[in-house]
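Peer 1: Below is one structure. I have some questions about it.
The values are calculated or read from the model by the stated rules, or taken from the named source; none is laboratory data. Given the structure is predicted, the values throughout are model-derived calculations rather than measurements. Note that we place each Cβ from the backbone using ideal geometry, even for glycine, and neighbour counts take in every protein chain shown. Keep in mind that these areas ignore ligands, DNA and RNA; they rest on the heavy atoms of the full protein, side chains included. Shrake-Rupley method; radii C 1.70, N 1.55, O 1.52, S 1.80 Å.
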Amino acid sequence: MRVLVTGGAGFIGSHMVAALLARGASVSVLDDFSTGKRANLPADGDLTVTEGDVADPAAVEAALSGCDAFVHLAAVASVERSVREPLVTHRTNLQGSIQLFDEAARQGVRRGLYASSAAVYGDSAALPLAESEPPRPLTPYAADKLAGEHYLAYYHRGGRLNATAFRFFNVFGPRQDPSSPYSGVISIFLDRARRGAPLTVFGDGLQTRDFVYVGDVVNALMAALAVRAAPREMPVYNVARGERVSLLDLLDAIGRLDGIAGPLTVSHAAAREGDIRHSLADTARLREALGWEPRTPLLAGLAAILAE
Ligand code: NAD
Ligand code: UD1
């Protein structure tokens with residue numbers, strides 16, 4: 001099997017590429033290296049890397065050639081950037097997605113997986129969030145992710161692709177880049193704790209998130225790739241542990257890890273504008289459909305990051 005992984009040089013993408021190669025697949029990566037890094041990818045005879053833009057028709061056509069499936073992870077993943085530069089991020093996050101879906105349908109690529117986001121739910125208070133909850137995208141990033149789901153469902157319904165969309169919650173793990181203030185909180189906290197630098201909690205620290213380890217996300221994608229049956233409506237799955245963790249709990253867990261530079265120095269600052277208070281997924285649909293279970297608890301995932 002040959003699989004195109006868009007955004008394969010990024011955080012989640014590089015783990016997906018490694019899992020595919022380990023299963024004996026041949027992999028094509030399309031990445032513009034805007035946030036992804038070549039160093040995230042192994043040298044492997046079964047891996048072809050194309051530097052290019054997912055919104056560029058020629059680059060997508062070439063990268064898809066000979067593939068049986070695609071896993072579409074390329075995106076400007078920064079919500080904050082989508083707020084500052086909605087047209088720039090829209091080009092990648094929606095135009096690039098349509099470009100890929102349309103070309104895949106044209107080339108007869110059978111299977112397609114798409115990275116959507118918990119952001120499509122907005123700040124819904126109906127916890128735990130089931131996929132049936134009406135979406136309420138609050139940012140350009142979320143609006144594009146949701147529109148991407150709708151476009152993919154359109155190709156699926158017409159029988160032109162066998163597609164599945166995944167709403168990732170807060171993914172964490174090795175290779176998540178901590179360098180921006182809007183990077184995932186776990187990558188920032190661990191990077192700082194390791195160096196003995198101070199940590200800032202925005203707000204009271206009682207806000208909660210549903211953190212899911214990148215290896216578990218990859219397992220869900222791998223399980224879905226093996227599915228041949230195509231239900232009439234495109235499946236949409238939450239990907240999360242189904243557990244809420246407050247930032248104070250997270251700090252407590254980090255403070256007990258080996259590999260940090262002494263006791264944590266923590267200060268509080270004003271809560272971020274628009275910050276979601278609580279986030280928690282109902283993961284029953286994914287568990288039932290794909291027999292998926294999250295295997296890596298928070299502490300084990302944190303330790304894996306420090307061990308890299
Ligand atoms: P990432 O930034 O590490 O990966 C994105 C990759 O896409 C990078 O390698 C980047 O260089 C590439 N890319 C960006 N624009 C591109 C373009 N125009 N053409 C080709 N490649 C391009 O982010 P990630 O956390 O690995 O996210 C992967 C996917 O998962 C994204 O679609 C993101 O929106 C989604 N997602 C992530 C999370 C999370 O918690 N990390 C949560 C929800 C959804
Ligand atoms: C995450 C996703 C976003 C998605 C949203 C859906 C990341 C990077 N972002 O946003 O794509 O739209 O879920 O729910 O995964 N915080 C601190 N100190 C810091 C950094 C963050 O206190 O140094 C706080 C934030 O204010 C927030 C929490 O930690 O309350 C989590 O922040 P973050 O990791 O940026 O993710 P989300 O905002 O949940």
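Peer 1: Given ALA58, ALA104, which one is open to solvent by less than 10 Å² (accessible area, probe 1.4 Å) and not hydroxyl-bearing (Ser, Thr, Tyr)?
Peer 2: Exactly one of ALA58, ALA104 is open to solvent by less than 10 Å² (accessible area, probe 1.4 Å) and not hydroxyl-bearing (Ser, Thr, Tyr), namely ALA104.
Peer 1: Another one. Taking region 172-203, which residues are aromatic (Phe, Trp, Tyr), modelled with pLDDT of 95 or more and more than 20 Å from ASP216 (Cα to Cα)?
Peer 2: PHE189, PHE202
Peer 1: Would you be able to tell me the number of residues in region 161-198 that are open to solvent by less than 50 Å² (accessible area, probe 1.4 Å) and not in a strand (DSSP E or B)?
Peer 2: Selection size over region 161-198: 19.
Peer 1: Something else now. State which residue pairs qualify: first residue more than 10 Å from ligand 1 (Cβ to nearest atom) and inside region 1-17, second residue assigned to a strand (DSSP E or B) in any location, beta carbons under 6 Å apart, and separation of 6 or more residues or different chains.
Peer 2: ARG2/SER26; VAL3/VAL27; VAL3/ALA69; LEU4/SER28; LEU4/PHE70; VAL17/VAL5; VAL17/VAL27
Peer 1: Give all pairs with beta carbons closer than 6 Å in which a residue from region 186-203 that is under 15 Å from ARG175 (Cα atoms) meets a residue that is within 16 Å of ligand 1 (Cβ to nearest atom) and open to solvent by less than 20 Å² (accessible area, probe 1.4 Å); count only pairs at least 6 apart in sequence or on separate chains.
Peer 2: Close Cβ pairs satisfying both conditions: ILE186/PHE172; LEU190/ILE305.
Okay, residues lined up against (1) modelled with pLDDT under 95; (2) within 16 Å of ligand 2 (Cβ to nearest atom); (3) open to solvent by less than 60 Å² (accessible area, probe 1.4 Å):
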residue: ASP252; (1), (2), (3): no, yes, no
residue: THR265; (1), (2), (3): no, yes, no
residue: ASP282; (1), (2), (3): no, yes, yes
residue: ALA300; (1), (2), (3): no, no, yes
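Peer 1: Which numbered condition in (1) within 16 Å of ligand 1 (Cβ to nearest atom); (2) open to solvent by 30 Å² or more (accessible area, probe 1.4 Å); (3) assigned to a loop (DSSP other than H, G, I, E, B) is the only one that ASN219 fails?
Peer 2: The number of the failed condition is (3).
Per-residue answers, yes or no, for (1) more than 21 Å from LEU225 (Cα to Cα); (2) modelled with pLDDT under 95; (3) surrounded by fewer than 24 Cβ atoms within 10 Å (Cβ to Cβ):
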| site | (1), (2), (3) |
| --- | --- |
| GLY13 | no, no, no |
| ALA69 | no, no, yes |
| PRO86 | yes, no, yes |
| LEU94 | yes, no, yes |
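Peer 1: Oh, and also: With in contact with a Gly (Cβ under 9 Å, 6 or more places away or on another chain) and basic (Lys, Arg) as the only criterion, which of ARG157, ARG136 stands out?
Peer 2: Being in contact with a Gly (Cβ under 9 Å, 6 or more places away or on another chain) and basic (Lys, Arg) holds for just one of ARG157, ARG136, which is ARG136.
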